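Enquirer: Dropping the structure in here first, questions after.
Every number in this text was worked out from the coordinates using simple rules, so none of it is lab data. Keep in mind that what you see is a predicted model, and the values were worked out from it rather than measured. As a convention, Cβ positions derive from the backbone with ideal geometry for all residues, glycine included, and neighbour counts pool all protein chains shown.
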């Protein structure tokens, strides 16, 4: 007959081999491996360590972390939040790239005419005056600029159906989207981007002679 100590030991082995016990052991091992490791962009404050942030609810109370990114101010307890928050910044960085800037709802963008300043998390295009609160519009607007870059590189300028191109006798003016060649003295007009390359090729080959 097993002794009390033997029964207790057998019970411990069974519990440790259960799925719950395995998950708990794995999580504990991961925590030990991660202990002392810090991701870039964060700072750790130990228990009773003054973080010197008057707005921090964790200061001098519990071990906690601060995000050191500019204009972020996120504070939290628990290392799992660090990884999740780092992923958040990665997503934002991949979204805004170098042609947009993101402003949190709690921060002013310092544009007097911006209706989102200090009220909503929003984005400003750094190439024009476009602003939005919807992150999906950031990618769409970037594609718009990319298209305009291609048009400009081909030597054309686009006019929408609602924009007056101010070109005398233009049969497309205020009727449909079209493109005018920007080469001095050239009055060539196209309605599709596929037509631009052939005209640019002619200009490169024959120069101003095709304008005569």
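Enquirer: Given labels modelled 7 Å from the Cα in the Cβ direction, how far is it in nm from residue 128 to residue 147?
Expert: 1.0 nm
Enquirer: Something else: Give the distance, in whole Å, between the Cα centre of the range 45-86 and the Cα centre of the range 131-187.
Expert: Using only Cα atoms, the two centres lie 48 Å from each other.
Enquirer: Below 8 Å, C-alpha to C-alpha, sequence gap of six or more: please give me the relative contact order for the range 97-151 in percent.
Expert: Relative CO of the range 97-151 lands at 27 percent.
Enquirer: Once the cut-off is 16 Å, how many percent of the Cα-Cα pairs in the range 154-212 end up in the long-distance tail?
Expert: Every Cα pair in the range 154-212 considered, those over 16 Å come to 41 percent.
Enquirer: Dimensions of the range 38-96 along principal axes (Cα, Å, largest first)?
Expert: Taking max minus min along each principal axis of the Cα atoms, the range 38-96 gives 37, 21, 15 Å.
Enquirer: Continuing with the same structure: Taking the convex hull of the Cα atoms, report for the range 85-139 its projected area averaged over all directions, in nm².
Expert: The Cα convex hull of the range 85-139, projected and averaged over all directions, gives 3.8 nm².
Enquirer: Set the Förster radius R0 to 25 Å, insert the Cβ-Cβ distance between residue 101 and residue 38 as r into 1/(1 + (r/R0)^6), and round the FRET efficiency to 0.05.
Expert: Efficiency for this residue pair is about 0.40.
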